[in-house]
Every structure is written in C-alpha cells, then in structure tokens.
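Since the structure comes first, as structure tokens, the remarks are kept for the end.
The values are calculated or read from the model by the stated rules, or taken from the named source; none is laboratory data. Keep in mind that this is a model prediction, so the values were computed, not measured. Please note: Cβ atoms are built from the backbone with ideal geometry, for glycine as well, and neighbour counts cover all protein chains shown. Note: areas computed on protein heavy atoms with side chains; ligands, DNA, RNA excluded. Shrake-Rupley method; radii C 1.70, N 1.55, O 1.52, S 1.80 Å.
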Amino acid sequence: MPVFFFDLQTTGSKPESGASILEMAWTSSCGTTEASLIKLPDDEKIPYRIQMITGIFNDDMVAANPAGEIFAKLEEKYPGHRCVIHFAQFEKPFLTDHFTKVEKNFPFEIICTHEIAKRLFPNLPTRGIKGLAGYFGYPSQDLKRAAQQTAATQAIWQGLLPELAKQGVETWEQLQEWLQATPKASRTKYEYPLPKEKRLTLPDQPGIYRMISKWDEILYVGKATSLKDRVNSYFRGQKNRDARKLEMLTQVYDLRVTTCGSPLEAALLETDEIKKWDPRYNISLKATHRNLVFFNSDFTDMEFEQSPEFCAGPYTSSLVFDSLRNLRDCVVSDKFHDNIFYEPIEATLAQEGLQIFCERNGLQVEMFKSMRSLLALSLWWNRKYEIQEHHSEEEESETQEESSIEELEIVLTAEDLADKIDRHIMRAGATYLRSKQLSKILNSEISYRPVSCPEQAPYKLSVRKGLVNGENNLERVPKVLLWQGLSIDTYDRMSVLLMELGKIETQSGEVIIDYL
C-alpha cells in the first residue's frame, strides 16, 4: 500500500480553543523529509510556551506558507496514497477544522501507528512517539519539530510492518479488517525489551549502571549501593509509574555496569560518566548550559573565570545572591523597585519589609549597603542554627514556595517580606559556606570508613585540583586562584564528594580530611 508520513505542530492542543496549525512535515518511504511553517490566521503571535517547546519563534514566520498551498502540494505529490500519522487523534481535529472551512474533506485516508501499536504491543511500557521509535531502534532524541516527528513516524511504521505481516496483514483492506476485528487489549503487565536475566544476575555491589539503547546509545547513567537492587527497582510495580522513566525503559535493550569499592566511589564515577556521555534521560549533574560564576570582593560584578579581581566563588549561578544585591542597590540609591525578588512585589512593600526585618534583629538598614556585611551576618546565622541544607535543595524549596504563593494568590504583607529577607540571607550564607568547603577539599587527603564497615581498613582518597586519586603529592598548595582553569565538571565532582562524606558523618561513620 503506498503511504506517506505526516505530522503537525500547532499553537495549542485544540482548534476549538483557538489553536492553529503552526508547521507541517511530510515524506514518503523513499523520499526526503520536507517541512513548511504555516501562516497563522490574522498574523497572530506564537504563544511563548509553544516557542519554547518547538523552537519556532515569531521572527521565523516570515517564511511561512498558507496551509491551503501545502495541502494542494500534498494532493499533487501523493495521489492514491494513505497518510500515516502517529497518534492521529491529535492531528484529526486540526485537519477537520481546516477542510471544513474550505468546504472539503481531507483527501487522504489516515493510518494511525499508535492505534496499531496498542493492539500489537499492549504491554509495552509506553507507545508514545519517542518511546516507540526508540523501541524499534530509531535514535529519536528530542522530537520538537514536525520533520523530526515525521521521521520517527516513518521508523515506527517500518517497525510495525513485519509485526503486521505476522498477523497476516499486508494490504490496506486487511489492515482495516484487522483493526476492526482486533480490540485494543488492556495492559496486564509491563513487558520490557531488556532481557530479565540481564538485571537479575547483576552483582550485589556498589557501582554505576548505564542503560543502553538498541542503537548503542547510553540513555541513562546512575549510581547504586547495590547494583542488583537499584536496577531491578526500575522494573517493579504497575501503578503510578513515572512517564519519562517508562519512555526510557521502552528503549533499553542492554545494561553496562562498573563495580566500585564503595558507594562514595560510585557517586564520583557517576558524575564523571554523566559529563562524558551526556545521557538524554539524566537531568542532574549535566554540564549543558552550566558555568561557574565568580564575584569580585564586593559582589557588584561577576565573571565566568576566576582571576585576582574575581576570586569569590565558585558558584553555579548568581541567582542565589541576586535578591540581596538588589536590596543593596536599593538601599544605596535610596530608591526601591518592584523586581527585587523572584516575583513582582511593590517597592513600598519591599521597603517596609526591610525595615521590619532590621527592627526584629536589631540591625541598621545601612548594613544592607555592604554585601560583605550581609554575608558575615548570614554566616553567623548559619553557624548558630547549624543549617545543613544544600544550596540546590534550598533553591528548589524557595522556587516551590514562590510558585505556591503565585498559584494561591496570597496577598503578601510587610511581615511576609521580612521573613523572605531572612530566608534569602540564610540561603546566601549556606551557599557561601559551601563554596568555601568545596575549595578546601579541592586539594586534600581523605580517609573514610562507613559505619557499616567498622572492622574494615579506612578507604583512602587523594584529591589534587579536583581530581580524585590524583598524584599523591603532600606538598601544601597555595590558597589563591584554586579554581582557575577548572570547570563545572570539577565543581560537581567536589559537590558529590562533599555530600557523600557528609552522609558518612551523619551515619556516625569516620571521616578524616587533611587539607593541603
């Protein structure tokens, strides 16, 4: 049966809610993929969220063509063909909407690969376009544009054809009869492409595991205290499973593991492996679009490389200090504005909140003219209350808090703003302390023994310029510009090391560090 493959990108989920066709792409079994942006009605603008998802921006629309011209081109190019779409129930309303307006019908019969897959693979973890394409060995990566999704749909169709042939389906008529006669089966138990014996025979030891695709791509890297327990945990349970994880597991055909001497060594190897392979299903510890940040002594300016002038750091973002820097600028200029924090807050309310904060703590507003004074205050508070939270956890908590405030539309008071200033100062102090701790272990000799191994000899680590088990040179290291020439890779490695040592100490294990 002659077919061509087709996909749409739109400005929203449904035409009845005002969404329009944004992009079309098409190809045949032996042709090259073509695509065209589609002129939006009344030159409407693309919603910001759609621009971020698709990578199609308003300026790109100068090259857009009317939808009617593209459909006419398809009719001319593919006479007598069927149109193959993945998850066609999304495209059909947009096609119907367009052709109803021109008083015509869509000129092609549609084959939905998603409907076929539901019948052929009822127990596959996911039948979404990315997961299913990966199941058939297509390296789908990010499918943001219509051309990418069209190519993935073609790969899925080519994977489905042999399976349909096993059912005796080789013609259009046979496919129609089979779809009508074969009900969509309910999922009973997830069936994964990874052979069960691969995971059941893993060692019960610390290490890292790599999830491997059919085309030999490393999809995910993880660490484990027990490789056997951790990897097998991915394959347990049927309800309330994470959709992204199921999408990945639909594409996993192999595992590669490396055993390590301890969970700490596994954690260190994991961060380096993530940097090396950039697995698409990892989120944390990736280097993409992340840089180190260093401030000058009064935190008025920053650079991405440590130097004699910009020596305060390292930090992974300036955001943790931005609110305090904004408050300092407001106090210095005696002019408050509405964008001091992560959300718009009236300038007068921010000024009142600062005044209440100072009165509560017996401080002068003039103290906010100096970031060094604020950091000294925050360090004293952090030591007083023994704040142990990591910067990333605090930042997440703050973000969630701001989001909750916005969603619930709570009216902030000056007292709320005073509380907010308190939290931002504490967070800045914890971040500052952490950068100092990371710098101290950058060159060090470490001995550690987990509480679970009281009779075992301590583990030994040599750290030189952030490389673990580097050259075992006990000479003292100058304490200036320690991070010059180093990158986010070293920062993450030292962060993981610091966190793992902290875990051992928290569990009453033994940690001894000689700072060089």
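Observations, loosely collected:
- When a 1.4 Å probe is rolled over the protein heavy atoms, the share of accessible surface on the chain that falls to carbon and sulfur comes to 49 percent.
- For the range 277-282, backbone phi angles converted through the Karplus equation (6.51, -1.76, 1.60; θ = phi - 60°) give residue-by-residue couplings of 9, 6, x, 5, 9, 7 Hz, Gly and Pro being listed as x.
- The chain, relative contact order in percent, only Cα pairs under 8 angstrom and at least six apart counted: 10 percent
- Heavy-atom accessible surface of the range 1-67, averaged per residue, reaches 50 Å², computed with a 1.4 Å probe.
- Option label - Cα extents along the principal axes in Å computed here, alternatives [x] 80, 63, 39; [y] 79, 57, 40; [z] 70, 60, 48: [x]
- Each Lys or Arg adds one and each Asp or Glu subtracts one; over the other residues with Cβ under 13 Å from the Cβ of residue 331, this totals +1.
- Spin-label model distance (nm) - residue 215 vs residue 298, 7 Å beyond Cα toward Cβ: 5.5 nm
- Charge tally for residue 285 (other residues, Cβ to Cβ under 12 Å; Lys, Arg +1; Asp, Glu -1): 0.
- Under 5 Å from the amide H of residue 22 lie the amide H atoms of 9, 10, 11, each residue being 5 or more positions distant or on a separate chain, with H modelled from the backbone and absent for Pro and chain starts.
- For residue 124, the amide hydrogen comes within under 5 Å of the amide hydrogens of 191, counting only partners 5 or more places away or on other chains and with H modelled in the peptide plane.
- 20 Å cut-off, amide nitrogen to a point 7 angstrom out along residue 277 Cα→Cβ, residues in the range 101-132: 131-132
- Rounded FRET efficiency, nearest 0.05, which uses the C-beta distance separating residue 363 from residue 479 and R0 of 35 Å: 0.65
- Too-long pairs where the Cα-Cα distance tops 23 Å, listed order kept, from 118/166; 184/228; 184/239; 101/130: 184/228; 101/130
- Protection proxy ranking of 75-84, 134-143, by the mean of other Cβ atoms within 10 Å over each peptide's residues and highest first, is 134-143, 75-84.
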